[in-house]
Structure formats: C-alpha cells, structure tokens
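The values are calculated or read from the model by the stated rules, or taken from the named source; none is laboratory data. If you're wondering where the values come from, they're calculated on a predicted model, not measured in any experiment. Ideal geometry is used to build each Cβ from the backbone, glycine not excepted, and the neighbour counts take in all protein chains shown. Heavy atoms of the whole protein, side chains included, go into the accessibility calculation; ligands, DNA and RNA do not. Shrake-Rupley method; radii C 1.70, N 1.55, O 1.52, S 1.80 Å.
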Amino acid sequence: MSGRLNSAQPYAIALFRIVVGLLFACHGAASLFGVLGGARGGGTIDAGTWPGWYAAVIQFVGGVLVLLGLGTRAAAFIASGSMAYAYFDVHQSGALWPIQNGGEAAAMFSWAFLLLVFTGSGAFGLDRFLASRTSASTGSESAESAESADKQTSEPVTA
C-alpha cells in the first residue's frame, strides 16, 4: 500500500499545487481586477497602496506561477512570506488564534506555500517540461542535470 501511495505522490503534489495556485490567483484577481466579488465587498484596490496592492500582485502573479508549475519554489517562497506578513501584521493584533482573528486563509496559504518550497512542483509542472525540452536539445550533460532535477521534484518524501 505504501509503495502505491509513494508512486502517486508527484501527482498528488501537482494537484495540491494547482488547486492552491488557482485559489491564490483568484484572491489576487479579485483585488486587482474587481472580479469574483472584488476586493472588500466590491471594487479594486488602488494601484500602489501599501500593503494591499502589492499583496494582490503577489497573489495573482505568484498564484499563476504556482498553478503552472513555473518557478514554483521561488514563487511559493515569496507567496509564503507575504501570507506570513499578512497574518502577523493584519490578523495577529486582533486575537491569538486564527479562528478568532480571521487569519485562517493567510495561515493556511503561508504553510501550503512553504510546503511547496520543499516539495517542488510535482508532476505536470512547466519547469519539468521546459527542463526536459532543454535537455533534449542541448545534449547528454544537460540531460543528466535534468534527470537529477526531476528526481528532486518527483521522488517521494520520506520521513
């Protein structure tokens, strides 16, 4: 049973990455473009306002990059940090626990993205696709490095 689950791990990570990236991008799109209900009950955030507009840009761009699996680790690292900042700067002052201060989404996104920093994109990421295309066109040395990169993102994580 464990072997079967381990073989499915890259696909589960990819599904996790896609869902988290999509949800994060939706938050950014709502704030930047006023879609999906808009920011704070409708409308958009004024361009350049701190920290809301910058957070929305990170949410939209970071969410799309994570969704596509392009620069996943770097995008997830920045997104995780922005959500940690949002939690501690905006929500923590209201109460100690996320359920009390309305910071559940910020805390969950922060930890979800931190997980993706360590696991990578999993299967179906554009990073892996581009690495395999580059290795096919440049020769065997690059193929070896692409294979090692694939192993780093697709091997099961063991405790």
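Key figures for this structure:
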item: The chain, relative contact order [Cα under 8 Å, separation at least 6], %; result: 25 percent
item: Residue 85 accessible area, assembled protein chains, probe 1.4 Å, Å²; result: 100 Å²
item: Charge dipole (debye, nearest 20) of the chain; +1 at Cβ of Lys and Arg, -1 at Cβ of Asp and Glu; result: 240 debye
item: Protein accessible area in region 84-136, 1.4 Å probe - carbon and sulfur %; result: 71 percent
item: 1.4 Å probe accessible area per residue over the chain, in Å²; result: 60 Å²
item: For region 1-149, with +1 on Lys and Arg beta carbons and -1 on Asp and Glu, the positive-most of 52, 1, 19 along the dipole; result: 1
item: Accessible-area order (highest first, 1.4 angstrom probe) of the listed residues 89, 127, 46; result: 46, 89, 127
item: Per residue convex hull volume, Cα atoms of region 24-136, in Å³; result: 111 Å³
item: Value of [θ]222 nm, deg cm²/dmol, for the chain, DSSP H segments ≥ 4, -39500 (n - 2.57) each, nearest 500; result: -23500 deg cm²/dmol
item: Rel. contact order, % - alpha carbon contacts under 8 angstrom, at least six apart, region 1-92; result: 27 percent
item: Tail fraction, Cα-Cα pairs, region 1-83, threshold 21 Å, whole percent; result: 36 percent
item: Candidates 93, 31, 110: whichever shows maximal mean-square fluctuation once the chain is modelled as a Gaussian network with Cα springs under 10 Å; result: 93
